[in-house]
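Take a look at the structure set out below.
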Amino acid sequence: MNSSAAAPGADRAREVPGDAKAGARAEVPVYKLIVATSVGNALEWYDLIVYGYFAVTISKLFFPAHDETVSLLMALGTFALSYLARPLGAFVLGAYADRRGRRASLMLSIAMMTVGTGLIAFMPTYAAIGVWAPIGIFASRLMQGFSAGGEFGSSTAFLVEHVPNRPGFMSSWQFASQGASTLLASAFGAILTGALTQPQLESWGWRVPFLFGMLVGPIGLYIRKYVDETPAFANDVARKQAVPGTHDAPGKSPVWEVLATQKSRLLVCIGALILTTTANYMILYMPTYATKQLGLPPAQGFIATLVTGFVIMTLTPFVGHWSDKVGRIRIMLAAGVLFLCTVYPAFAFMNAHASLATMMVVMLWVGTLKAVYFAPIPALMSSLFPTRTRATGMAVGYNLGTTIFGGFTPLAVAWLIAATGNKLAPGLYLMAGAVISLSTLSIARFRMGAR
């Protein structure tokens with residue numbers, strides 16, 4: 001990985017020299033690249049955060065049951081099962097990005113994401129159409145999961161390949177946009193639950209955030225339409241065209257190459273992601289945890305998560321820039337050790353002194369550690385794969401990690417608390433994730449030479 005970093009004030013993407021067939025390109029403003037990619041990633045996370053935040057309301061309207069816990073588990077189970085579509089989307093859209101271009105894949109993924117969000121926004125409830133209501137919610141979440149499966153790999157490759165001398169800074173905007181999503185979704189949650197009565201919230205209020213997300217999609221689609229393909233991909237295509245049959249050779253598809261020759265790189269991606277993805281979905285679950293376990297009003301849970309979103313949004317790009325100077329793994333190891341040592345005491349403190357103030361302090365600490373660990377990951381992952389398989393490798397690694405250890409986190413934690421009666425189960429769950437990720441990073445550093 002390149003440890004050098006351009007001056008923070010640089011505002012143009014560096015052109016990568018290559019075959020003349022790639023065509024001359026005007027320099028693209030960095031802010032335009034960041035906005036074009038971040039809007040889709042932000043929409044992806046905004047949609048799933050909103051679903052998680054309003055899981056209690058959605059469970060009543062679409063998954064009615066005699067026991068409220070069973071109803072909630074059904075809603076969270078639908079959330080978790082929809083993640084099974086993400087690896088499929090990673091294979092299909094990741095390979096599409098490596099075959100047809102990062103821009104083409106990004107256009108397709110945001111269009112599908114917008115449709116899925118719109119379906120949830122207008123879905124009739126169980127009282128109106130019966131069993132078709134939960135089936136419709138599940139189908140919508142599957143579409144969102146499939147589209148999200150290709151978003152991370154394509155957008156990260158797009159950013160890194162446009163500005164290859166600043167991979168940490170550029171790719172960190174992927175996760176900064178997730179912080180913005182948390183901030184926006186939490187704001188909707190706090191305002192709606194604080195201003196509306198429960199009947200109003202269940203009647204129409206919960207649909208407002210999904211309608212907003214549906215309207216953001218076309219804006220992202222328009223922006224992505226007017227950005228160029230990456231020079232690295234264009235040069236790679238030109239190279240393949242110079243050797244007839246190279247890109248059509250049997251057994252040489254991006255998916256085949258990743259699974260056949262780059263399995264260890266995939267495992268590093270998955271292992272490194274475990275800590276941050278479990279933390280992500282734990283944050284998503286916190287408004288429900290605040291209501292069910294801490295006995296706090298719903299609005300206070302959303303206010304506390306606003307802090308996390310703000311920290312992640314603002315701190316992540318600075319850490320990404322820092323990682324271009326000192327290396328990725330060194331920063332991630334330090335943050336991971338702090339996470340391992342402090343997350344359980346933080347949950348114990350929050351439960352012993354349940355209040356908005358203590359929850360905000362804990363979420364501030366979790367958000368800070370998460371941002372520091374989080375920021376270098378996209379650049380680390382992109383460095384593990386060559387251009388020809390980069391989008392596929394990152395998409396598959398990222399989505400297998402989030403499917404196995406992320407999407408099932410709210411369901412697993414809710415079940416653990418119900419089965420054991422231990423309100424500190426989230427802390428133990430995060431500690432287990434930290435141990436696996438720290439072990440993976442150590443192996444990557446000392447066995448594979450990653451830094």
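The values are calculated or read from the model by the stated rules, or taken from the named source; none is laboratory data. Not measured: the values here are computed from a predicted model. Here Cβ is always computed from backbone atoms with ideal geometry, including for glycine, and neighbour counts include all displayed protein chains. Side chains included, ligands, DNA and RNA excluded: accessible areas come from the protein's heavy atoms. Shrake-Rupley method; radii C 1.70, N 1.55, O 1.52, S 1.80 Å.
So, residue 110, is that one open to solvent by less than 20 Å² (accessible area, probe 1.4 Å), within 27 Å of residue 382 (Cα to Cα) and either in a loop (DSSP other than H, G, I, E, B) or not aromatic (Phe, Trp, Tyr) (or both) or not? Answer is yes for this residue. For residue 42, the criteria (1) aliphatic (A, V, I, L, M); (2) in contact (Cβ under 8 Å) with a residue 24 or more places away in the chain; (3) farther than 24 Å from residue 287 by Cβ; (4) open to solvent by 10 Å² or more (accessible area, probe 1.4 Å) hold in every case but one, which is (3).
When restricted to residues that are touching a Phe, Trp or Tyr at 6+ places or on another chain (Cβ under 9 Å), closer than 17 Å to residue 347 by Cβ and surrounded by fewer than 22 Cβ atoms within 10 Å (Cβ to Cβ), segment 428-442 contains 2. Can you find, within segment 388-413, the residue that is least open to solvent (accessible area, probe 1.4 Å) among those that are aliphatic (A, V, I, L, M) and modelled with pLDDT under 90? Per the criteria, the residue is 413. Candidates are the residues of segment 220-239 that are open to solvent by less than 40 Å² (accessible area, probe 1.4 Å) and not aliphatic (A, V, I, L, M); the one that is nearest to the chain's Cα centre (by Cα) is 220.
Residues are listed down the side, and each one gets a yes or a no for (1) more than 16 Å from the chain's Cα centre (by Cα); (2) aliphatic (A, V, I, L, M); (3) open to solvent by less than 10 Å² (accessible area, probe 1.4 Å):
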residue: 130; (1), (2), (3): yes, no, no
residue: 134; (1), (2), (3): yes, no, no
residue: 140; (1), (2), (3): yes, no, yes
residue: 146; (1), (2), (3): no, no, no
residue: 153; (1), (2), (3): no, no, yes
residue: 156; (1), (2), (3): no, no, yes
residue: 160; (1), (2), (3): yes, yes, no
residue: 164; (1), (2), (3): yes, no, no
residue: 169; (1), (2), (3): yes, no, no
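Going by the structure shown, is residue 86 outside any loop (DSSP other than H, G, I, E, B), surrounded by fewer than 24 Cβ atoms within 10 Å (Cβ to Cβ) and basic (Lys, Arg)? Criteria not met by residue 86.
Okay, residues lined up against (1) assigned to a helix (DSSP H, G or I); (2) among the hydrophobic types (A, V, I, L, M, F, W, C); (3) touching a residue at least 60 places away in the same chain (Cβ under 8 Å); (4) closer than 27 Å to residue 383 by Cα:
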| site | (1), (2), (3), (4) |
| --- | --- |
| 133 | yes, yes, yes, no |
| 137 | yes, yes, yes, no |
| 150 | yes, no, yes, yes |
| 161 | yes, no, yes, yes |
| 168 | yes, no, yes, yes |
| 179 | yes, no, yes, yes |
| 186 | yes, no, yes, no |
| 193 | yes, no, yes, no |
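Condition check ((1) farther than 19 Å from residue 95 by Cα; (2) at pLDDT 80 or above) across all residues:
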| site | (1), (2) |
| --- | --- |
| 247 | no, no |
| 259 | no, yes |
| 265 | no, yes |
| 268 | yes, yes |
| 274 | yes, yes |
| 277 | yes, yes |
| 294 | yes, yes |
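Only a single item in (1) modelled with pLDDT of 90 or more; (2) surrounded by 24 or more Cβ atoms within 10 Å (Cβ to Cβ); (3) in a helix (DSSP H, G or I) is not met by residue 385, and it is number (3).
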